[in-house]
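Note sheet for the following structure.
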Amino acid sequence: MMIIMKANATPQQVEAVIAQVKSAGLNVHLSQGVEATIIGAIGETHNIPAERFEGLEGVDTVQRITQPYKLASRQFHPENTILPIDGFTVGGDEIAIIAGPCSVESRSQIIETAIAVKEAGASALRGGVFKPRTSPYSFQGLGEDGLELLAEAREVTGLPIVVEIMSQVQLDVMVKYVDVLQVGARNMQNFNLLRVIGESRTAVLLKRGLSATIEELLMSAEYILAGGNQRVMLCERGIRTFETATRNTTDINAIPVLKNLTHLPVILDPSHSTGLADYVPAIARAAVAAGADGLIVEVHPDPAKAVSDGKQSLRPEKFAEMVKQVGQIAQIMGRRLAVAQGEYTKQGWA
Ligand code: PEP
Ligand code: MN
C-alpha cells in the first residue's frame, strides 16, 4: 500500500503515519521524492482497509499497488533509481559498460584485459571466479585467488569490479573484494542467496533466469529490496526459445517493458544473449537505442584459448570499435558513456 503525503505535510505528520503503519504490523519504506513523500506500507496489507490511513493528518491519498512486486515497482517509486558505483552512476544519463572475460584465468590474462577494456572506454571490469558450469568436469573458477587477481586489476586500471556470487557461503569473502555482486541467471531464484544479499549493502547486478518471466525477475529483485539493499540493477541476458541459431534469444522488449514497470536500472548482456561474438556489437547498439542503462560484455585477449565462453567473447579491438558505436548511439539518446573515477596506473604491473 502506498500512502502519498500532501505536498505541505510536516515531518511530524509523516512520523505519525509511519507509527500507524508499524502498529498495523507492516514494514515501512519511506521514499522522499522531489514531487511527493510516499510511505510504503509493506507486508500483508490485503485485510487492512485503506481508510485506516486515509483520515490521518497530512495524508493525500492511499493507493494499493496492483503488482505482486512493490518496492521494485515504478508505481511505488516513480523516479528512476540512479545507483552510484565508483564516480559514475547507473540509471541516469550515463551508460555503464562493464567488460572483461567470462572467467579470470591468470594474472596476465585479467590484467591485460582490464587495461584493454579501460583504454577502450569501459567503466567497470567483469570476471568470474566461481563459475556456474553445466558440467561438473568443466573449469569451475579460481575462487579467492581469482578475487586477488581482480583486486590487482582494479589497482592498475581504477575500474570497479563485478563478480558473480553463486552461494551465500561466498558472501563474506566476496564483499571484501567486489564493487558489484552479480547474481547469475541460474541463481535468479535462489531465494536464500537473494535474502542474504538483501542484508548486505553491496550493489547487485541481478540477471534474468534462462526461462524466467519479467515478473519473476522483478519478484527476485523484490527479495533483495525487501532485505533493505536498494542498490539493485537488472540484467536481460537472453532467454531460451526454439531458436538455435544463437545461444539464447535477446528479449529486446524486456528493456522498455522493465523501464516501464520498474525504477531500477536495466542493463543488457549481448554476449550471453547471442552466444556469438559477431552479433554482440549489433545487439549492444540495439540495447542502448532501446533505452538500456548499460551493457555487460565478455572480452578476451585470445578468445580461441578462453576456458569459458570464448565463442561469444570479443577481441579487445572489436570491443573498442563497439564502444565507439555505442557512444554515438548514447549521444543520440541524450546520454553519455560512464567513466570510472579510479586512478589508472598502467605502468609497472608486470
Ligand atoms: C556470466 O556472466 O559469465 C554468466 C554465467 O552469465 P549468465 O548467468 O547470464 O549465464
Ligand atoms: Mn560467461
(message) Could you tell me the extents of segment 2-101's C-alpha atoms along the three principal axes, largest first, rounded to whole Å?
(response) 54, 29, 19
(request) Output the peptides 126-134, 28-36 sorted from most to least packed, where packing is the average of other Cβ atoms within 10 Å over each peptide's residues. (result) 126-134, 28-36
(message) Per DSSP helix of 4 or more residues, -39500 (n - 2.57); summed, then divided by the residues of the chain. What does that give at 222 nm, rounded to the nearest 500?
(response) -9500 deg cm²/dmol
(message) Given axes a ≥ b ≥ c from the Cα gyration tensor, I'd like to know whether segment 83-337 is rounded (a/c under 1.5), prolate (a/b larger than b/c) or oblate.
(response) rounded
(message) Residue by residue through segment 8-16, what is 3J(HN,Hα) from phi via Karplus (6.51 cos²θ - 1.76 cosθ + 1.60, θ = phi - 60°)? Round to whole Hz and write x for glycine and proline.
(response) 9, 4, 8, x, 5, 5, 4, 4, 5
(request) Please sort 55-68, 206-219 by packing, taking for each peptide the average over its residues of neighbouring beta carbons within 10 angstrom, highest first. (result) 206-219, 55-68
(request) Rounded to the nearest Å, what's the spacing between the alpha carbon centres of segment 178-197 and segment 117-165? Just the number, please. (result) 16 Å
(request) Go through 135-143, 156-164 and give me the packing order, highest mean Cβ count within 10 Å leading. (result) 156-164, 135-143
(request) Provide the gained length on full extension for the span Tyr344 to Tyr177, in nm with one decimal, where the gain is 0.36 nm per separating residue minus the Cα-Cα distance. (result) 58.3 nm
(request) With 29 Å as the limit, write out which pairs from Lys324/Lys346; Lys305/Lys346; Lys70/Lys311; Lys259/Lys324; Lys176/Lys324; Lys176/Lys207 have Cα-Cα distances beyond it, or answer none. (result) Lys70/Lys311; Lys176/Lys324
(message) Taking 0.36 nm per residue of sequence separation and subtracting the Cα-Cα distance, how much length would be gained by fully extending the chain between Ala286 and Gln328, in nm to one decimal?
(response) 13.9 nm
(request) Multiply the residue separation of Ser211 and Val28 by 0.36 nm, subtract the distance between their alpha-carbon atoms, and state the gained length in nm to one decimal. (result) 62.6 nm
(request) Provide the percentage of antiparallel DSSP beta bridges, counting only those with both residues in segment 83-337; round to the nearest 5. (result) 10 percent
(message) Quick check: pseudo-label points 7 Å beyond the Cα along Cα→Cβ at Asn253 and Asp60, how many nm apart are they?
(response) 3.4 nm
(message) Taking the Cα centre as origin and putting +1 on Lys and Arg beta-carbons and -1 on Asp and Glu beta-carbons, what dipole magnitude results for the chain, to the nearest 20 debye?
(response) 480 debye
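Every read-out reported here was derived from the displayed coordinates using simple, explicitly stated rules and does not represent laboratory data. None of these values were measured; they are calculated from a predicted model. Note: ideal-geometry Cβ built from the backbone for every residue, glycine included; neighbour counts use all protein chains shown.
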